[in-house]
Amino acid sequence: MIEVMEKLNAMESEHKKDRTEIKELTSEVQSLRKEKSSLREEVSSLKQKTSTLEEENTSLKAENRLLHDDNERMKRILANDSNNSSTPPSNDQPEKAPNSFNGRKTTEKKPGAQLGHKGSSLSKADVERKIREGIYGHRIEQIGNSNRACITRYRLDLEIKPIVTEIRIYADEKGKFQVPNELKADVSYGETVKAITAFLYSEGVVANDRICTFINSLSGDAFCLSTGSVYGFCQKFAQTCTTACTAIEQGLMNSNVIYTDATSVSTNGKQTYIRNFSTTDCVLYSSSEKKDLETLEGFKILKEFTGALIHGHETALYHFGTRHGECNVHLERKHRGDASRQNRWKVIEPVMMNCCVPKWRKTVIQKAGSPKRKRRRCLNV
């Protein structure tokens, strides 16, 4: 009996020990489950952060690629000048070296006239001839005693002073005064003032207010020329030139070859184009907002011209004329610009630029109309 009790006590003690161990294991399992849950949440959070970082990385890579492309494009733009692109020389950056591609070889000679160079000076005989012909006004200035022998020197100068011409208009047989249109106002400006104004505006590209300041200063502030008057003079000058422009236009259309090119200008903050049509004898300038085919069809010269057009690689111009040539200056510029960018143009020798019109451009010409059809249309106009 005692042995049985001892065995029961031993079994109960062992049972208690097992239950204690089970409790500890249960507690440890719960703790591990909590830790597992926490780790899962942490892993999920890390995955989400990783996904976000990957998206940001992809976005930054795309942005970096765009910035790199923009940087390369800006480098090319900054590297462009009148020497390797269609940029006009007036837009060349001042810090850049001047365009030296003019066919001249560099030498060690100093700037200016060289030793032994035959200079061009004013001739006394020419001055005296112009005095006799009344081209020069003449006055005498004396230095020294006038009772002794003298030698002469001439000094050419301009003397500008306001001149007022009084115009008297007498009545006709009926007692009426026939006043010309240009004299409707009591006081008006003369032809010299108008000519100087138009010259400064067109050739000098001087602003209206500066023209007023210049001419008023020349008159000793005796004039009070206004910007409105300057605008009116230039508008009248443009109307006067209409006949000359028509004659130039007709001369261009009758020529065998016309050279044409366009350059961009800013008009009231908006980009427009000035296009020239020229031969060895004359040139005509026209303005347009665009360079597309529809705009070019508005030029009478292009619509009626049946000769050869020389231009700078403008595809739309192949719809006009009957023969075409591309400007060598533009081709050389294209060659130099593309060679600097390491592409296929660099392997082309300059002599290869004098090439025939490609087949696809000949197709464009054929679609634009045959020479005979265009010639008949021109004769019917």
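The values are calculated or read from the model by the stated rules, or taken from the named source; none is laboratory data. Values in this document were obtained by computation on a predicted structure and should not be read as measured data. Glycine also receives a Cβ, built like all others from the backbone with ideal geometry; neighbour counts cover every protein chain displayed.
What are the residues in region 159-205 that are surrounded by fewer than 10 Cβ atoms within 10 Å (Cβ to Cβ) and of a type in the set (Lys, Arg), if any?
Correct list: LYS161, ARG168, LYS174, LYS176, LYS184.
Of all residues in region 125-178, how many are farther than 30 Å from ASP221 by Cβ and among the acidic types (Asp, Glu)?
Of the residues in that region, 5 qualify.
Restricting attention to region 301-329, which residues are modelled with pLDDT under 80 and closer than 18 Å to VAL283 by Cβ?
The one that is modelled with pLDDT under 80 and closer than 18 Å to VAL283 by Cβ: VAL329.
Report whether or not LEU25 is of a type outside the set (Asp, Glu), modelled with pLDDT of 85 or more and in a helix (DSSP H, G or I).
Yes: the conditions hold for LEU25.
With the checklist (1) assigned to a helix (DSSP H, G or I); (2) in contact (Cβ under 8 Å) with a residue 12 or more places away in the chain in hand, flag the one item PHE199 doesn't pass.
If we test PHE199 against (1) assigned to a helix (DSSP H, G or I); (2) in contact (Cβ under 8 Å) with a residue 12 or more places away in the chain, just (2) comes out false.
Looking at region 138-149, is at least one residue farther than 30 Å from CYS327 by Cβ and either surrounded by 10 or more Cβ atoms within 10 Å (Cβ to Cβ) or modelled with pLDDT under 75 (or both)?
Checked against the condition, which is being farther than 30 Å from CYS327 by Cβ and either surrounded by 10 or more Cβ atoms within 10 Å (Cβ to Cβ) or modelled with pLDDT under 75 (or both), region 138-149 yields at least one hit.
Is there a residue being surrounded by fewer than 15 Cβ atoms within 10 Å (Cβ to Cβ) and at pLDDT 85 or above anywhere in region 344-351?
no
Somewhere in region 127-135, is a residue acidic (Asp, Glu) and either at pLDDT below 90 or closer than 30 Å to SER264 by Cα (or both)?
No: zero hits.
Taking the stated definitions as given, is GLU182 closer than 30 Å to ALA125 by Cα, at pLDDT below 90 and of a type in the set (Asp, Glu)?
Answer is no for this residue.
Quick one: is LEU78 of a type in the set (A, V, I, L, M), modelled with pLDDT of 90 or more, under 60 Å from the mean Cα position of the chain (by Cα) and not assigned by TED's automatic domain parsing to the domain that holds HIS330?
So LEU78 fails the test.
Would you mind telling me which numbered condition in (1) at pLDDT below 85; (2) over 34 Å from the mean Cα position of the chain (by Cα) LEU53 fails?
For LEU53, the failing item is (1).
Can you name the residue in region 278-332 that is among the β-branched types (Val, Ile, Thr) and part of a helix (DSSP H, G or I) and, of all such residues, is nearest to ALA238 (Cα to Cα)?
Among those residues, the one meeting the criterion is ILE301.
Results for (1) loosely packed, with under 14 Cβ neighbours inside 10 Å; (2) in a helix (DSSP H, G or I), shown as yes or no for each residue.
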| site | (1), (2) |
| --- | --- |
| ILE215 | no, yes |
| ASP221 | yes, no |
| SER229 | no, yes |
| PHE237 | no, yes |
| VAL265 | yes, no |
| TYR273 | no, no |
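Show the residue pairs that are 6+ apart or on different chains and have beta-carbon atoms under 8 Å apart, the first residue being within region 289-312 and closer than 15 Å to THR263 by Cβ, the second being loosely packed, with under 14 Cβ neighbours inside 10 Å and of a type in the set (A, V, I, L, M, F, W, C).
GLY312/VAL329
Which one of these does LYS236 not meet: (1) touching a residue at least 60 places away in the same chain (Cβ under 8 Å); (2) closer than 24 Å to TYR285 by Cβ?
So the condition that LYS236 fails would be (1).
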